[in-house]
Amino acid sequence: MRSQNAAKRLDVAAPTPSPPSQAQPAKLSVAGLTVTFPVDGTHRTVLEAIDFECHEGELVCLLGPSGCGKSTLLNVIGGFLKPTQGQVLIDGAPVTGPDPRRIFVFQERGVFPWLTVEGNIGFGIQHLPAEERRQRVAHYVEMVGLRGFERAYPAELSGGMKQRLEVARALAVGPDMLYLDESFGALDYITRHNLRRELLHLWATERKTILFVTHDIDESVQLANRVVVMAARPGRIQRVVDIDLPYPRDISSARYLRYRDELLEELGLAHQR
Amino acid sequence: MGASRKTLETLLLPALTGGVLLAVWHAAVVLTKTHIFPSPWQVLLGIQELADQGRLVPYVLDSLNRVLTGYLLAVAVGLPGGLVLGLHAPAAHVAAPVIQLLRPISPLAWIPVSIILFGIANTATIFLIFLASLFPITLATMDAVRNVPAIYLRSGQNFGLGRYALLRRIILPAALPHALTGLRLSFGIAWLVVVAAEMIGVDSGLGYLIIDARNAGKRYDLVVAGILLVGGIGLSLDLLMRWLERARALRWAYQRDP
């Protein structure tokens, strides 16, 4: 099975990052993670015994219905929330809080409205010398297609542009991981589709490890190396599905549709009337 | 077409309203044959008389001076105070009952207290203006800080900002537009209070002019002149504050989504 997978990966089209080797140590390792919140005097278990690993350069989607705790899981991994039990290791070290090496991308609401496009992208790199900062800002303005809008404030941008701006702000600090929390969820279908394509392009050129939380099956099959399917009450991992398709993915190919059906089945949505 | 229409709506229409009001005022005075209430023209002559006596400009300046002194003192105390209360929930819990109790009290109720503290003097007037603006400034600043969206704070922490940098680079800019609106509204209150406060304890200023003109010879032309001056200057001050609010650093807060 493994050798077969490896053979299939050989014909993966550029610009796809080389597949992460299973032999190297995990970039991210979540072990025995449980989160409970006090609710009305009792403790509600939001996440129960979560175990999974993510390797350097992977794009992993956390997929599940709302209320399954996938955003909570991402918040724990991001260091914004302490787990009740278990731990999160990145490069072997436990996560103790938010860290500029790993940037969280919210829905487009996370951009700072009081700063221009340039100001936002340069936000995390104030410590750099002015000239280097200017070059980096210009580089990412170009990369996310915001040229001509450098002096614009977020209120003057469309939802898709704000989302790209937030991704650019995250990339500008040179993080090695990105966490995207339903980042494209508030956008229209076509914008979302384009942004996924752009994200894949950025992933291929910047070689980041990306965790992407979504409730959208198509999103997960289009983007992920692996999909971690979660179930609700209590939030837990139901199954991990490897998506062994070359990029860019043909969303009407038979294999794509098979993966899609498989995930529909996992979420209990297949063949419903 | 669009531009000329805008001029029509923003300049001509208010001018028209003003003209109609003056005409109605004048007609009412003529038709009722009143000898007590002045016509617009008599008021204008009254203002001229004040200017000739050398009272007009000094009175306006005295009033402005008192407002600015009291108001700026309130800003100096209220802005940092509101900031601390907004940042530090326990401090707000301690201060909240006191503020909630003092806030609904009309500043004029403090007149006897200010006289005990400062005597019949300029200081008493300034103290009243200070008190009147202090609570709205403090509360508006506190609310502005509290209402900074959590998502900005988390983003800031994610980019590695410490407590001080978070304050300077996230909380202050995000809270500024709200806080400035609070500052503008409190300035309006300060201007309301100066007129009342000048009716006791001082012998200059527009409030003094109004009460003195009535008490010394029932000069209602001067009373109305004083009232109109108060209104006109108050309007100018509000326009000035609105203009400051729209300064470049704050432009972002007032733009509509495309």
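Pairs are defined by a Cβ separation below 6 Å, a sequence spacing of at least 6 or placement on different chains, a first member in region B:40-56 that is over 20 Å from B:W25 (Cα atoms), and a second member that is outside any helix (DSSP H, G or I) and not aromatic (F, W, Y); no pair meets this definition. If you filter region A:78-101 down to residues that are in contact with a Lys or Arg (Cβ under 9 Å, 6 or more places away or on another chain), at the interface with chain B (Cβ under 8 Å from one of its Cβ atoms) and in contact (Cβ under 8 Å) with a residue 24 or more places away in the chain, you find that the one that is farthest from A:P38 (Cα to Cα) is A:G78. Scanning region A:156-207 for residues that are under 21 Å from A:E118 (Cβ atoms), in contact (Cβ under 8 Å) with a residue 40 or more places away in the chain and acidic (D, E) gives A:E166, A:E198. For region B:192-205, name all the residues that are within 15 Å of the chain's Cα centre (by Cα) and crowded, with 24+ Cβ neighbours inside 10 Å. If the condition is that a residue be within 15 Å of the chain's Cα centre (by Cα) and crowded, with 24+ Cβ neighbours inside 10 Å, then B:V193, B:V194, B:A197 are the ones that fit.
In region A:102-129, how many residues are part of a loop (DSSP other than H, G, I, E, B) and free of Cβ contacts under 8 Å to residues at least 40 places away in the same chain?
The first filter runs over region A:102-129 and keeps only residues part of a loop (DSSP other than H, G, I, E, B), leaving A:106-107, A:111-116, A:122, A:126-129.
Right, trim to free of Cβ contacts under 8 Å to residues at least 40 places away in the same chain and you get A:114-116, A:126-129.
So the count comes out to 7.
All of B:W252, B:W243 fail the test of being assigned to a helix (DSSP H, G or I), modelled with pLDDT under 90 and surrounded by fewer than 17 Cβ atoms within 10 Å (Cβ to Cβ), apart from B:W243. Scanning region B:116-149 for residues that are more than 13 Å from chain A (Cβ to nearest Cβ) and of a type outside the set (A, V, I, L, M, F, W, C) yields B:G119, B:N122, B:T123, B:T125, B:S133, B:P136, B:T138, B:T141, B:D143, B:R146, B:N147. Just so you know, in region A:140-158 the residues that are under 20 Å from A:Q107 (Cα atoms) and away from every other protein chain (no Cβ under 14 Å) include one that is surrounded by the fewest Cβ atoms within 10 Å (Cβ to Cβ), and it is A:G145.
Out of the residues in region B:150-179 that are of a type in the set (K, R) and either crowded, with 16+ Cβ neighbours inside 10 Å or assigned to a loop (DSSP other than H, G, I, E, B) (or both), which is nearest to the other protein chains (Cβ to nearest Cβ)? Only one residue fits best here, namely B:R154.
Number of residues in region A:110-167 that are of a type in the set (S, T, Y) and in contact with a Phe, Trp or Tyr (Cβ under 7 Å, 6 or more places away or on another chain) equals 2.
Of all residues in region B:210-221, those that are farther than 15 Å from B:I47 by Cα have Cβ atoms under 7 Å from Cβ atoms of residues that are not in a helix (DSSP H, G or I), 6 or more apart or on another chain, in B:I211/B:M199. Just one residue in the set B:P14, B:P40 is out of contact with any Cys (no Cβ under 8 Å at 6 or more places or on another chain) and either surrounded by 13 or more Cβ atoms within 10 Å (Cβ to Cβ) or small (G, A, S) (or both); that residue is B:P40. Among the numbered conditions (1) under 21 Å from B:G234 (Cα atoms); (2) out of contact with any Ser or Thr (no Cβ under 7 Å at 6 or more places or on another chain); (3) charged (D, E, K, R), the only one that B:E198 does not meet is (2).
When you scan region B:1-58, how many residues do you find that are assigned to a helix (DSSP H, G or I) and more than 30 Å from B:S204 (Cβ to Cβ)? Walk me through it before giving the result.
Initial filter on region B:1-58 (assigned to a helix (DSSP H, G or I)): B:2-32, B:40-52, B:56-58.
Applying the additional criterion that residues be more than 30 Å from B:S204 (Cβ to Cβ) yields B:2-17, B:19-20, B:23-24, B:26-28, B:30-32.
Within region B:1-58, residues that are assigned to a helix (DSSP H, G or I) and more than 30 Å from B:S204 (Cβ to Cβ) number 26.
Check whether at least one residue in region B:212-221 is among the charged types (D, E, K, R), more than 13 Å from B:S63 (Cα to Cα) and assigned to a loop (DSSP other than H, G, I, E, B), and report yes or no. Even if it seems obvious, please write down each step before you answer.
Start the filter on region B:212-221 by keeping residues that are among the charged types (D, E, K, R), which leaves B:212, B:214, B:218-219, B:221.
With the extra rule that they be more than 13 Å from B:S63 (Cα to Cα), the set shrinks to B:212, B:214, B:218-219, B:221.
Still in the list and also assigned to a loop (DSSP other than H, G, I, E, B): B:218-219.
Looking through region B:212-221, at least one residue is among the charged types (D, E, K, R), more than 13 Å from B:S63 (Cα to Cα) and assigned to a loop (DSSP other than H, G, I, E, B).
The values are calculated or read from the model by the stated rules, or taken from the named source; none is laboratory data. These figures come from a predicted structure and were not determined experimentally. Methodologically, a virtual Cβ is constructed for each residue, glycine included, from the backbone with ideal geometry; neighbour enumeration extends over all protein chains shown.
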